[in-house]
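What follows is one structure encoded as structure tokens, with my remarks underneath.
The values are calculated or read from the model by the stated rules, or taken from the named source; none is laboratory data. The model shown is predicted, which means the values in this text are computed figures rather than measured ones. Here the Cβ positions follow ideal geometry from the backbone for every residue, glycine too, while neighbour counts run over all protein chains shown. These accessible areas exclude ligands, DNA and RNA; they are computed on the full protein's heavy atoms, side chains included. Shrake-Rupley method; radii C 1.70, N 1.55, O 1.52, S 1.80 Å.
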Amino acid sequence: GAERTTHILLARLDRLRFPRITVIAPEPMRPHFALPQVEFHGLEVSDFAYWYQTPSRLWSDASRFRKLVQQYRPDILMGMMHYSSSVALLGARMARFPGVRLASFRGPAYEHIRRYEPRMGRRLFSRAAIVLTGWLADGIIVPSRGTADELARRFFCPLRKAKIIPNGIDLSETRELARKFWITGKPFLTGRLTVITAARLSLEKRIDTLLRAFALVAHKYPVDLAIVGDGPSAPVLRALAGELGIERRIHWLGHQDNVFPFLRQSTCFVHCCDYEGFGYAMLEALACGIPVVAEDCPYGPREVLGDSEFGCLVPPADPTAMASALETMIRSDAEREQLAARGLKRAAYFSKRKRKR
């Protein structure tokens, strides 16, 4: 999601006002930012950490970034995600950078820290580093009201610094990409109803909740489950599917550069997560004209789907409630069509073309 958001931003910057744009990112991301007038500075994957580890590592990363600031001498500096923002803004402070310093916090960091940082020292350090980043920033971009409120409540950042800019989507581009039905040489589906999700297969994405919910409906209806994505939890999830007896009903599709054809051919989309800044995949599904079932986690899903007006919200970590919502989508053509129609209107609201006007 962060990479997609950055790509959208860079693709639409006015090249007359911003004739020189430099992206500093791991080398594997180079193809993602192959854009006109964008210079890419590739890093080794091990050059910088991806999350807060120790004060000495943050200081070391910021010191290396200081040299990049002095090399490129930008007018505007923006960090994307929490740790990258901390490295960029602390490095800029070391370099006595005189320009505009922006941070872009894409998700609820407090939710991550309290769930996945078991050691008190790491918790305190992570929070202190984010507080410092907020003080150093001239402005902070967040994708949702919930993320902005968390920033003020948990990290003592003045709300005046936070600018809420929801993620956007290009409807015409989405429709064009979704029309590419032939994937890896063969059609994806053969006529069965299919529930689909697209996410990194990691613990916080809670695909295990979806598997347990799907197991409750799979023995009742001729329905399959498609999982787009890869990640460290893939072996554990495959083992769970085997334990639940649903492995033959699942399409493990791995990473896909173009997810839209899969979405367009599916019956409904499911979004699971412990926490979410916005939930870009939900917006992609809405734009493809399929209904969305999502866990009502902090904070993105409710802001995207409203109070179940544009999609179906279910309680987090509740396979039974999710299974009930899936049954409604499977059984009722009318319910699916009505929800999909409202979802398309919601996607149009978040369309980049509309926002540009």
Could you list, ordered by first residue, the pairs with Cβ atoms under 6 Å in which the first is in region 115-143 and under 19 Å from residue 299 (Cα atoms) and the second is of a type in the set (Ser, Thr, Tyr) and part of a strand (DSSP E or B), at least 6 apart or interchain? 141/104
The condition from (1) under 24 Å from residue 168 (Cβ atoms); (2) surrounded by 15 or more Cβ atoms within 10 Å (Cβ to Cβ); (3) in contact with a Leu (Cβ under 7 Å, 6 or more places away or on another chain) that residue 138 misses is numbered (2)
Just to verify a result, which residue in region 89-135, among those that are over 20 Å from residue 55 (Cα atoms) and of a type in the set (D, E, K, R), is surrounded by the most Cβ atoms within 10 Å (Cβ to Cβ)? 106
When every residue in region 143-161 that is within 23 Å of residue 124 (Cβ to Cβ) and either among the acidic types (Asp, Glu) or not in a helix (DSSP H, G or I) (or both) is compared, the one most open to solvent (accessible area, probe 1.4 Å) is 156
Selection from region 52-63 of residues within 20 Å of residue 102 (Cβ to Cβ) and free of Cβ contacts under 8 Å to residues at least 40 places away in the same chain yields 61, 62
Looking only at residues that are outside any loop (DSSP other than H, G, I, E, B), under 22 Å from residue 1 (Cα atoms) and not hydrophobic (A, V, I, L, M, F, W, C) in region 225-277, which one is most open to solvent (accessible area, probe 1.4 Å)? 264
When residues of region 71-88 are limited to those that are under 13 Å from residue 22 (Cα atoms) and in a helix (DSSP H, G or I), the one least open to solvent (accessible area, probe 1.4 Å): 72
Among what's in region 302-338 and is outside any helix (DSSP H, G or I) and of a type in the set (Asp, Glu), pick the residue that is surrounded by the most Cβ atoms within 10 Å (Cβ to Cβ). 318
Whether any residue in region 313-328 is at pLDDT below 95, at negative phi and out of contact with any Cys (no Cβ under 9 Å at 6 or more places or on another chain) is what I want to check. no
